[in-house]
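A short write-up of the structure that comes next.
The values are calculated or read from the model by the stated rules, or taken from the named source; none is laboratory data. Predicted, not measured: the structure shown is a model, and the values here were computed from it. Glycine also receives a Cβ, built like all others from the backbone with ideal geometry; neighbour counts cover every protein chain displayed.
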Amino acid sequence: MYLLYILYSKTLGRYYVGHCEAPLEERLRRHLSNHKGFTGKAKDWEVVYTESFASKEEAYGREREIKGKKSRKYIEWLAESKGA
């Protein structure tokens with residue numbers, strides 16, 4: 001199983017959209033670790049939304065779809081409507 005996920009950081013006031021192979025807990029642990037990527041800038045990322053897919057291609061496609069909208073309002077709507 002593959003997951004699309006959206007993280008939110010209160011410190012940054014920003015969302016992060018990604019995908020991974022389950023389990024999500026391991027991926028979140030890596031986001032919260034010290035690294036040079038975008039999510040390394042904060043240590044308070046929390047999962048606010050998830051969707052499950054049978055294949056990596058489907059999860060990645062959905063990630064690209066959400067990012068392609070370039071809409072914070074859409075991401076906030078997803079997080080409020082379904083949650084994690």
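Kindly provide the set of residues from region 36-55 that are touching a strand residue (DSSP E or B) at 6+ places or on another chain (Cβ under 7 Å) and small (Gly, Ala, Ser), ordered by number.
Residues of region 36-55 that are touching a strand residue (DSSP E or B) at 6+ places or on another chain (Cβ under 7 Å), as a first pass: 38-39, 42, 44-53, 55.
ALA42, SER52, SER55 - these are the residues of region 36-55 that are touching a strand residue (DSSP E or B) at 6+ places or on another chain (Cβ under 7 Å) and small (Gly, Ala, Ser).
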For LYS41: the one exception among (1) in contact (Cβ under 8 Å) with a residue 24 or more places away in the chain; (2) surrounded by 12 or more Cβ atoms within 10 Å (Cβ to Cβ); (3) over 20 Å from LYS10 (Cα atoms): (3)
Hey, among GLU25, GLU58, GLU80, which residue is part of a helix (DSSP H, G or I), surrounded by 12 or more Cβ atoms within 10 Å (Cβ to Cβ) and out of contact with any strand residue (DSSP E or B) (no Cβ under 6 Å at 6 or more places or on another chain)? GLU58
Which one of LYS43, LYS73, LYS67 is assigned to a helix (DSSP H, G or I), over 21 Å from TYR2 (Cβ atoms) and not polar (S, T, N, Q)? LYS73
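If you take the residues in region 10-22 that are part of a strand (DSSP E or B) and in contact with a helix residue (DSSP H, G or I) (Cβ under 8 Å, 6 or more places away or on another chain), which one is nearest to GLU76 (Cα to Cα)?
Per the criteria, the residue is TYR15.
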Is there any pair with a first residue in region 9-28 that is at pLDDT 95 or above and a second that is of a type outside the set (S, T, N, Q) and part of a loop (DSSP other than H, G, I, E, B) whose Cβ atoms are under 6 Å apart and which are 6 or more apart or on different chains, and what are they? SER9/ALA42; SER9/ASP44; SER9/TRP45; LYS10/ASP44; THR11/ALA42; THR11/ASP44; LEU12/ALA42
Selection count where residues are more than 24 Å from LYS10 (Cα to Cα) and in contact with a His (Cβ under 6 Å, 6 or more places away or on another chain), scope region 48-84: 2
So which pairs qualify, if the first residue must be in region 57-80 and in contact (Cβ under 8 Å) with a residue 60 or more places away in the chain, the second must be among the aromatic types (Phe, Trp, Tyr) and exposed (fewer than 11 other Cβ atoms within 10 Å of the Cβ), the Cβ gap must be under 9 Å, and the two must be at least 6 apart or on different chains? none
Please tell me if ARG30 is among the charged types (D, E, K, R), farther than 21 Å from LYS82 by Cα and either exposed (fewer than 11 other Cβ atoms within 10 Å of the Cβ) or over 10 Å from the mean Cα position of the chain (by Cα) (or both). yes
